[in-house]
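Chemist: Quick one: this structure, given as structure tokens, is what I'll be asking you about.
The values are calculated or read from the model by the stated rules, or taken from the named source; none is laboratory data. Predicted, not measured: the structure shown is a model, and the values here were computed from it. Cβ coordinates were reconstructed from backbone atoms using ideal geometry, including for glycine residues, and neighbour counts include every protein chain displayed. The protein model used for the area step is the full one, side chains on, heavy atoms only, and it has no ligands, DNA or RNA in it. Shrake-Rupley method; radii C 1.70, N 1.55, O 1.52, S 1.80 Å.
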Amino acid sequence: MCEPHSVIQIQRKDRIDIQIISASLFLPFCSHWFIYNTSSEEVPFHMENNVVTNGQKPNFPSSSFEAAMEKISSLITRQRRGEKPPIANKLEMMSLYLKILGLEEDINRLNIIHVAGTKGKGSTCIFCEAILRECGFRTGVFTSPHLIDVRERFRIDGMDISEDKFLQYFWDCWNQLEENTTEKLSMPPLFLFLTILAFKIFISEQVDAAIIEVGLGGKEDSTNVIKKPTVCGITSLGMDHTEILGDTLGQIASHKAGIFKPKVPAFTVPQPPEAMGVIFERAKEFMVPLEVTEPLDCKQIKGLKLGLSGDHQFYNAALAVSLCRCWLQKTGNWEKKYQDDSNLPDEFMRGLSTAHFSGRAQIVYASTSNSHCSEIVSKNCGELIFYLDGAHSPESMEACAKWFSNAVEIPLKSSFEVQKADGSSENGHILHKGNTLGQFEKSFKRILLFNCLDVRNPHILLPRLVNTCASSGVHFSRALFVPNMSKYSKVVSGASAISSDLHGIDLSWQFNLQRIWEKITHGKEITVPIEKDFKIDSKEILPPPEFLNDNAPSGGHSHNGFASSAVIPSLPLAIKWLQDCVKEHPSTRLQVLVTGSLHLVGDVLKLLKR
């Protein structure tokens with residue numbers, strides 16, 4: 001395996017993964033904090049709808065995107081939990097929707113790479129897209145979930161689909177489906193609609209290659225309406241979504257291998273024996289040529305740093321290489337372009353090094369607004385660094401912990417390229433070499449900013465994170481537990497207003513996470529109900545300044561009864577508090593790991609980019 005990646009990666013201008021965010025974007029108003037979009041006017045929540053004219057590309061007013069979000073949001077609550085639609089089979093429903101839109105035959109002409117798995121399937125798709133784009137092909141990739149804007153799910157040639165094109169295809173699909181609804185066939189649920197929209201976009205944009213990530217499982221997933229993929233892939237499998245896919249690796253593998261099609265080649269990575277046995281059995285049943293891909297090593301990629309960080313990405317990258325090589329062979333392009341089978345083509349190398357996927361092992365530098373600081377980091381200037389990874393399963397949490405441990409321990413380089421607000425770049429000096437390095441390293445405090453959905457098991461996730469980090473000598477000074485901003489009943493755009501209303505918020509889950517954390521860190525159960533005296537309108541809603549002090553009494557009562565963790569009732573308040581700590585204490589440098597939920601990671605990115 002290669003040496004750990006550098007935390008500083010120089011990428012092409014349109015894919016820079018390290019950003020400098022100004023704290024001055026957080027504007028105080030009265031006793032709460034409102035976040036404003038500095039590049040456009042404030043967007044109201046409710047907008048009027050707009051209709052596509054027959055055969056004409058409409059001229060959409062600015063409100064149309066929010067109107068589209070309202071329509072998409074209606075698909076979340078249209079069907080009540082536990083209520084079965086008249087047509088229960090998702091794939092049967094998909095076929096009917098595609099027939100209405102006239103897309104059935106066109107899908108069969110898309111050269112599709114179909115990818116399932118528990119962890120790494122999105123990253124594998126992004127690697128595939130980057131490789132084939134570097135090979136000169138027009139690419140489309142469909143992934144989920146989105147972090148900030150729903151358009152992230154639909155990439156054309158490596159970029160999120162433009163707002164104009166999104167609206168054109170959205171309203172075309174929406175209006176045709178709405179006009180053809182019946183008592184038996186209502187509008188599709190959210191993910192089915194987004195899958196249909198992806199097919200519509202890729203067909204209309206005439207992509208050469210469509211890379212499709214499975215949503216959940218495989219066999220019964222809406223993407224499995226694909227009948228003639230060019231090649232299929234299965235990434236690493238683990239225990240996730242057990243309430244739907246089964247509580248054994250064999251059952252989960254059976255769902256994932258459900259994307260196999262007769263005689264269509266497939267690739268996977270090394271799997272636990274129980275899972276691998278099922279995958280091979282499924283491949284034999286459908287006469288699928290199946291190969292197991294070993295992780296890339298340094299010799300193969302000549303010491304290249306992958307665009308996506310973490311040792312686990314060597315498995316995803318290797319799978320993407322096999323899928324793309326097969327895709328080129330099956331479409332008759334390999335022999336035209338490449339003669340040597342032994343080495344990776346330069347285009348493959350460039351794709352692997354420039355692939356970018358937000359919220360997965362991503363580092364964001366948030367600078368303070370101290371005008372006297374001429375350097376990004378110096379002994380007189382505070383530093384706030386966010387390490388973002390949407391890990392939410394035991395296996396991905398372990399991979400996240402390993403990445404974070406490597407990332408915070410690698411000595412920072414003397415300079416790197418940063419992206420400014422206007423899109424240009426400049427070199428910012430991090431640290432002069434010399435005897436200041438020891439002082440620099442000692443001043444860092446590592447903070448966990450965590451939340452997970454209540455369908456996850458924090459009794460497994462948090463210990464896995466803490467123990468894996470500890471095995472590398474990395475320990476957290478403090479932990480903050482916050483609710484997500486994202487509402488599961490509404491899809492919003494990146495420019496949508498962010499509510500600052502804290503009334504009626506339920507923090508019982510966050511206090512439960514805190515109790516688990518304190519048991520891990522102190523080795524005993526918490527007997528005092530620490531949420532009992534917590535009041536939203538209290539002046540002590542945020543931890544006091546001494547909360548970060550190393551000499552704060554362990555297990556004492558500095559905040560909410562305990563010195564090592566805190567519950568903060570809103571994410572904007574938590575980010576503001578971290579920013580203030582760095583501004584008010586210039587010697588303080590914080591390394592903040594944000595994990596447990598892709599929704600949480602997306603919310604943090606949304607706030608930092610405002």
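Chemist: Accessible surface of HIS522 in the full protein assembly, 1.4 angstrom probe, to the nearest 10 Å²?
Modeler: 60 Å²
Chemist: Solvent-accessible area per residue for the stretch 273-338 at a 1.4 Å probe radius, Å²?
Modeler: Each residue of the stretch 273-338 exposes 50 Å² on average to a 1.4 Å probe.
Chemist: Would you list the P(r) distribution for the stretch 174-250, with all Cα-Cα distances sorted into 10 Å bins from 0 and each bin expressed as a whole %?
Modeler: 14, 39, 32, 14, 1
Chemist: Residue-wise, which Karplus ³J(HN,Hα) couplings in Hz belong to the stretch 234-249, taking 6.51 cos²θ - 1.76 cosθ + 1.60, θ = phi - 60°, and x for glycine or proline?
Modeler: Result, ordered by residue: 10, 7, 4, 9, x, 8, 8, 6, 5, 5, 10, 9, x, 9, 10, 5 Hz.
Chemist: May I ask you to list the GluC sites (Glu not before Pro) in the stretch 166-220 that are in a DSSP loop and have at most 12 other Cβ atoms within 10 Å of their Cβ?
Modeler: Qualifying residues, ordered by number: GLU183.
Chemist: Restrict the search to the stretch 168-236; then list the trypsin sites (Lys or Arg not before Pro) that DSSP places in a loop and that have at most 10 other Cβ atoms within 10 Å of their Cβ.
Modeler: Loop-located and lightly packed - LYS184.
Chemist: For the stretch 230-277, I need the span (max minus min coordinate) of the C-alpha atoms along each principal axis, in Å, sorted largest to smallest.
Modeler: 31, 20, 15
Chemist: Given charges of +1 on the Cβ of Lys and Arg and -1 on the Cβ of Asp and Glu, with all other atoms neutral, how large is the dipole of the stretch 88-354 about its Cα centre, in debye to the nearest 20?
Modeler: Roughly 560 debye for the stretch 88-354.
Chemist: Tell me, what % of the accessible area of the stretch 153-307 is carbon and sulfur with a 1.4 angstrom probe?
Modeler: With neighbouring chains kept in place, the figure for the stretch 153-307 is 50 percent.
Chemist: Which of the GluC sites (Glu not before Pro) found in the stretch 267-304 are in a DSSP loop and have at most 14 neighbouring Cβ atoms, other than their own, within 10 Å?
Modeler: none
Chemist: Based on the mean of other beta carbon atoms within 10 Å per residue, what is the order of 300-312, 228-240, most packed first?
Modeler: 228-240, 300-312
Chemist: In Å, what Kirkwood hydrodynamic radius results for the stretch 88-354 from the alpha-carbon pair distances?
Modeler: Kirkwood radius, the stretch 88-354: 18.8 Å.
Chemist: Leaving ligands, DNA and RNA out of it, work out the accessible area of ARG456 with a 1.4 Å probe and give it in Å² to the nearest 10.
Modeler: Rounded to the nearest 10, that gives 40 Å².
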